Amino acid sequence: VFDLPAFDDHEAVHIFNDEKTGMRAIIAIHSTHLGPAAGGCRYFQYADSEAALVDALRLSRGMSYKNALAGLPAGGGKAVLIKRNAFPKSEPILEALGSAINGLGGRYVTAEDVGMTDEDMTVISRRTRHVSGLPVAGDADAKKVGGNPGPWTAEGVFLGMRAAVRHRLGREGFKGIRVAVQGLGSVGRALAQKLAADGARLTVADIDEARAARLAGELRAQVVPPEEILAVEADVLAPCAMGAVLNEATIPDLNVQIIAGAANNQLQRPEDGERLKARDILYAPDYVVNAGGIINVMAEYLGDGDTDAVMARIVKIEDRVGEILARADSEGEATNLMADRMAREAIGRS
Ligand code: NAI
């Protein structure tokens, strides 16, 4: 049975059905306290509508926390566009979603998430201006923000991971540091390239084995099957695929000292943060390290600065992670709970 009280702090949840196109979507608005509820749209096939709702609720709350700690003038929201076999993603479906978003009058701003591309954002933009992550037109101005946020997310994850390595291992940079990367998509691939360039020794995995093999060849990384990556012996594990990978079943088998990666909602439950702490594994909170993409998306949406300004904001992730890890240490609290507490203070929630 769906546990509504566990999600009793959302401002609004909208459910959309468009009979003509088959568009079915949920848009959850967690908070608009700091600005429009910003967060991407996920296109995914869910087991049932309850699973889609729970995902939208969890992801939108995560966006509130992420945007608040990134210092953005944005609240948190998220859309899920439900994948239906009878109605595959199409321009009419994306346009219908654009109209739905437009009907919210700017309270929600969308962008890419898993399963959505910058071309999809262009189609959505036919019906609403409350969309970001649009392709950058031409190369007239190389510093213009926009496009795929993945590489910006990777910049932030790299810096957040560096703060965690400094905090736990007392080391500057990645020379000789062993990092296991799960998922080599838009973020994981860019992250692996940056880590390799800085001297890290990589072990990588992707369910797309050809993709893993290609990248491993390029970076001289070791490849392992996807089912082995979470238990690989390394200094750092970087989850860059799907959420909920850190849980009661996987945590006992982890073989790293640090976790820092891009995936949203890496902990299946908040108490998994305590489990990691009990095993003395340092967890760099996901939404703090993976804020680079939304920082880029919001700069584009608000017309607020060029790529240099975006990078200047992303650079702050390193100190922010360092501060959260230090505060969690001094107060004896799990790092995820420390970050949640700071974020809730920032959005005016107790
Ligand atoms: P993507 O879809 O480009 O890449 C995901 C990759 O993970 C794919 O290569 C896929 O084959 C692989 N994968 C899926 N399940 C796997 C498994 N069990 N084991 C190994 N590999 C697996 O996604 P993207 O954009 O790189 O995002 C990765 C994660 O980071 C997602 O959880 C996303 O929500 C999160 N994130 C992404 C941001 C962005 O800017 N793209 C921003 C913030 C968070």
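The values are calculated or read from the model by the stated rules, or taken from the named source; none is laboratory data. Nothing here was measured: the structure is a model prediction, and the numbers come from that model. Note that each Cβ is placed from the backbone with ideal geometry, even for glycine, and that neighbours are counted across all protein chains shown. For the accessible areas, the whole protein counts, side chains as well, though only heavy atoms, and no ligand, DNA or RNA atoms are used. Shrake-Rupley method; radii C 1.70, N 1.55, O 1.52, S 1.80 Å.
For the range 46-61, how many residues are in contact with a Lys or Arg (Cβ under 8 Å, 6 or more places away or on another chain) and either more than 13 Å from Ile82 (Cα to Cα) or not assigned by TED's automatic domain parsing to the domain that holds Ala28 (or both)?
First, the residues of the range 46-61 that are in contact with a Lys or Arg (Cβ under 8 Å, 6 or more places away or on another chain): 46, 55-56, 59-60.
Now narrow it down to the ones that are either more than 13 Å from Ile82 (Cα to Cα) or not assigned by TED's automatic domain parsing to the domain that holds Ala28 (or both): 59-60.
Qualifying residue count for the region: 2.
State the number of residues belonging to the range 160-184 that are buried (at least 17 other Cβ atoms within 10 Å of the Cβ), touching a helix residue (DSSP H, G or I) at 6+ places or on another chain (Cβ under 7 Å) and of a type in the set (Lys, Arg).
Number satisfying all stated conditions: 1.
Considering only strands (runs of 3 or more DSSP E) fully contained in the range 1-70, which possess at least 3 residues that are within 26 Å of Ile93 (Cα to Cα), within 16 Å of the ligand (Cβ to nearest atom) and not small (Gly, Ala, Ser)? Walk me through how you get there before you give the answer.
Values: elements: 12-18, 23-31, 41-44.
Result: 41-44.
Look through the range 95-123, keep the residues that are touching a helix residue (DSSP H, G or I) at 6+ places or on another chain (Cβ under 8 Å), in contact (Cβ under 8 Å) with a residue 60 or more places away in the chain and hydrophobic (A, V, I, L, M, F, W, C), and return whichever of them is nearest to Ala262 (Cα to Cα).
So, considering only residues that are touching a helix residue (DSSP H, G or I) at 6+ places or on another chain (Cβ under 8 Å), in contact (Cβ under 8 Å) with a residue 60 or more places away in the chain and hydrophobic (A, V, I, L, M, F, W, C), the one nearest to Ala262 (Cα to Cα) is Ala111.
Any residue that is touching a Lys or Arg at 6+ places or on another chain (Cβ under 6 Å), under 18 Å from Val157 (Cβ atoms), within 15 Å of the ligand (Cβ to nearest atom) and not aliphatic (A, V, I, L, M) - is there at least one of those in the range 277-299?
Looking through the range 277-299, at least one residue is touching a Lys or Arg at 6+ places or on another chain (Cβ under 6 Å), under 18 Å from Val157 (Cβ atoms), within 15 Å of the ligand (Cβ to nearest atom) and not aliphatic (A, V, I, L, M).
Considering Val131, Val157, which residue is modelled with pLDDT of 95 or more, open to solvent by less than 20 Å² (accessible area, probe 1.4 Å) and either within 9 Å of the ligand (Cβ to nearest atom) or in the same structural domain as Asp286 (by TED's automatic domain parsing) (or both)?
Numbers: Val131 fails: either within 9 Å of the ligand (Cβ to nearest atom) or in the same structural domain as Asp286 (by TED's automatic domain parsing) (or both).
The unique qualifying residue is Val157.
Looking only at the range 283-319, count every residue that is aliphatic (A, V, I, L, M), over 27 Å from Asp55 (Cβ atoms) and buried (at least 21 other Cβ atoms within 10 Å of the Cβ) and tell me the total.
Adding up the residues that qualify gives 1.
Given the criterion under 20 Å from Met116 (Cβ atoms), among the acidic types (Asp, Glu) and without any contact (Cβ under 8 Å) to a residue 60 or more places away in the chain, identify the matching residue among Asp55, Asp18, Asp48. Spell out how you get there, then give the answer.
Numbers: Asp18 fails: without any contact (Cβ under 8 Å) to a residue 60 or more places away in the chain; Asp48 fails: under 20 Å from Met116 (Cβ atoms).
Result of the check over Asp55, Asp18, Asp48: Asp55.
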